[in-house]
1. Find the residue count for region 36-53, including only residues that are at pLDDT 80 or above and charged (D, E, K, R).
2. From the list 56, 33, pick out the single residue that is at pLDDT 85 or above, surrounded by 10 or more Cβ atoms within 10 Å (Cβ to Cβ), in contact with a helix residue (DSSP H, G or I) (Cβ under 8 Å, 6 or more places away or on another chain) and among the small types (Gly, Ala, Ser).
3. Can you list residue pairs whose Cβ atoms sit under 9 Å apart, with the first residue in region 25-48 being touching a residue at least 12 places away in the same chain (Cβ under 8 Å) and small (Gly, Ala, Ser) and the second being surrounded by fewer than 13 Cβ atoms within 10 Å (Cβ to Cβ) and part of a helix (DSSP H, G or I)? Count only pairs 6 or more apart in sequence or on different chains.
4. Taking into account only those residues within region 1-41 that are among the β-branched types (Val, Ile, Thr) and under 23 Å from residue 54 (Cα atoms), which is nearest to the chain's Cα centre (by Cα)?
Amino acid sequence: MTSEFIFWSMIILAFVLAFVIGANDAANALGTSYGSNATKLVYLLILGAIFEFIGSVFLSSKLAGTLVYKVIPVMS
């Protein structure tokens, strides 16, 4: 195997894993509203997509900073 193949395999695997984790988080957050018939499924899908995008774009640096400066030094 070449190192280029391994590199691209890891990139694809990272994107798939991020998608799966995001889908699980969205299901946990929006499942109660759908289960109680408070909101239609179409609205939940639209709201979930919008807020997952906003969270990943605007809050990812805050999350990374928290991990680097608060969580990881405590563990080591």
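1. If we filter region 36-53 for residues that are at pLDDT 80 or above, which is where we start, we get 36-51, 53.
Filter once more, so that each one left must be charged (D, E, K, R): 40.
Result for region 36-53: 1.
2. Answer to the selection: 33.
3. Between residues of region 25-48 that are touching a residue at least 12 places away in the same chain (Cβ under 8 Å) and small (Gly, Ala, Ser) and residues that are surrounded by fewer than 13 Cβ atoms within 10 Å (Cβ to Cβ) and part of a helix (DSSP H, G or I), the close pairs are 26/49; 48/27.
4. Taking region 1-41 and keeping what is among the β-branched types (Val, Ile, Thr), we get 2, 6, 11-12, 16, 20-21, 32, 39.
Checking the rest, the ones that are also under 23 Å from residue 54 (Cα atoms) come to 11-12, 16, 20-21, 32, 39.
Working: 11: 16, 12: 15, 16: 11, 20: 8, 21: 5, 32: 19, 39: 22 Å.
By that ranking, first place goes to 21.
The values are calculated or read from the model by the stated rules, or taken from the named source; none is laboratory data. The model shown is predicted, which means the values in this text are computed figures rather than measured ones. Every residue, glycine among them, receives a Cβ derived from its backbone with ideal geometry; neighbour counts consider all protein chains shown.
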